[in-house]
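Read the structure below first, then the notes.
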Amino acid sequence: MNRRTEIIIHCAIWLYMLLAPLTFMRTYEEGWVLRYFCMCVAPLLTLAIFYTYYLSLYRLYMDHERRQRFFIITAAIIIGVALLLHLWNQTTNDFVHPHRPGSPGQGPSWIRMTLFIIHDMFNFAIAATIATALRLSQHWKQADLARKEAESARAEAELSNLRSQINPHFLLNTLNNIYALTAFDQQKAQTAVMELSKMMRHILYDYQQPTVKLADEAEFIGNYVNLMKIRLASNVDVQMNVKLEDPDKQIAPLIFISLIENSFKHGVSPTLPSFIHINLEQQGQQIVCDITNSNFPKNETDRSGHGIGLEQVERRLSLAYPEHYTWEKGISPDKKQYESKITIQLS
């Protein structure tokens, strides 16, 4: 709750406690105002104890090394104030309750006195406990909020760092492909450079925000697929299907590009028929990217990429969509097909 609401609630509670004695007053009698103020001593003492703990003494309880001192001070305050209130009531009893009859048969006066003191001690202990509990609750909420803000800032910094790592990683892989094109088809290599410049413009200017439009992400993926198709043989079947219910839906950028890079790296054979099928679908709050490709794993001597891209995908998903995504990936039983499917539930 905000500060203004908190003050209003405090004022309402204490106003009720201070006005409650009026319900027992005979306002038509002379001297009722003075009697009312005499009866307000108990709620005023309760108020004083409450704010003593609410504003100051609760810190003793928070400190484990000084917690014993907290209980000693609390016992001294409650007993002392209860005794003080009892002396006040004894002094003003005849004035405040002039019509109260005697009460023989209720036991010795010292028993009644003890019961009254215990009753007042209990009320003061309740006030001190509530005040301490309220402040501890506020302190824990503030600490938890600060922790969450720190975690959010750290996660955002890590996401930004991962995005900056994706750019050179993506550029390196693409330049390697263009370099391969220059060996046998300079015209295609020039076309690939133009396509790459378009994609880099997207990365430099459009992808610096935490999220982008799903339509822009799909266009970026399509440009990359077209770039990769330039160097592929005719026996490679590349299909990309996009179905977006809401193209303006926002998504973290560059989530899927590493998976698509991986499919071209491990799904295409120089000699055998190959295929890469990419399906990007969005319906409501759910986004699904399903990539299926033929499986031609690299041998141990080929360490290009070192799996950096997939590690980044896993980390980015856990930071951008914690507990709101699933990633199913694996090789088919006949080891001829690999599938990677990411499902994101947007909140």
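The listed residues are ILE255, ILE260, ILE276, and the only one of them that is within 19 Å of LEU346 (Cβ to Cβ) and crowded, with 18+ Cβ neighbours inside 10 Å turns out to be ILE255. Taking residues in the stretch 224-244 that are assigned by TED's automatic domain parsing to the domain that holds ASN279, and partners anywhere that are among the β-branched types (Val, Ile, Thr) and part of a strand (DSSP E or B), the pairs with Cβ atoms closer than 6 Å and at least 6 places apart or on different chains are LYS229/VAL238; VAL238/ILE276; MET240/ILE278. Has the stretch 287-308 got any residue that is surrounded by fewer than 14 Cβ atoms within 10 Å (Cβ to Cβ), within 32 Å of the chain's Cα centre (by Cα) and either assigned to a loop (DSSP other than H, G, I, E, B) or at pLDDT 85 or above (or both)? Yes, the conditions are met somewhere in the stretch 287-308. Tell me the residue from ASP237, ASP216, ASP246 that is modelled with pLDDT of 85 or more and touching a strand residue (DSSP E or B) at 6+ places or on another chain (Cβ under 6 Å), please. Every option except ASP237 fails the conditions.
One residue is enough: does the stretch 144-159 have a residue meeting the conditions at pLDDT below 75, basic (Lys, Arg) and more than 20 Å from ARG315 (Cα to Cα)? Steps first, please.
Initially, the stretch 144-159 is screened for residues at pLDDT below 75, giving 150-159.
Subsequent filtering for residues that are basic (Lys, Arg) retains 154.
Now drop any that are not more than 20 Å from ARG315 (Cα to Cα), which leaves none.
Taking every residue of the stretch 144-159 in turn, none turns out to be at pLDDT below 75, basic (Lys, Arg) and more than 20 Å from ARG315 (Cα to Cα).
The rows are residues; the columns are (1) outside any loop (DSSP other than H, G, I, E, B); (2) within 25 Å of MET121 (Cβ to Cβ); (3) at pLDDT below 80.
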| residue | (1), (2), (3) |
| --- | --- |
| ILE8 | yes, no, no |
| CYS11 | yes, no, no |
| MET17 | yes, yes, yes |
| GLU30 | no, no, yes |
| PRO43 | yes, yes, no |
| LEU57 | yes, yes, no |
| ARG69 | yes, yes, no |
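What about PRO210, is it at pLDDT below 80 and outside any helix (DSSP H, G or I)? So PRO210 passes the test.
The values are calculated or read from the model by the stated rules, or taken from the named source; none is laboratory data. These figures come from a predicted structure and were not determined experimentally. We place every Cβ from the backbone using ideal geometry, glycine too, and count neighbours over all the protein chains shown.
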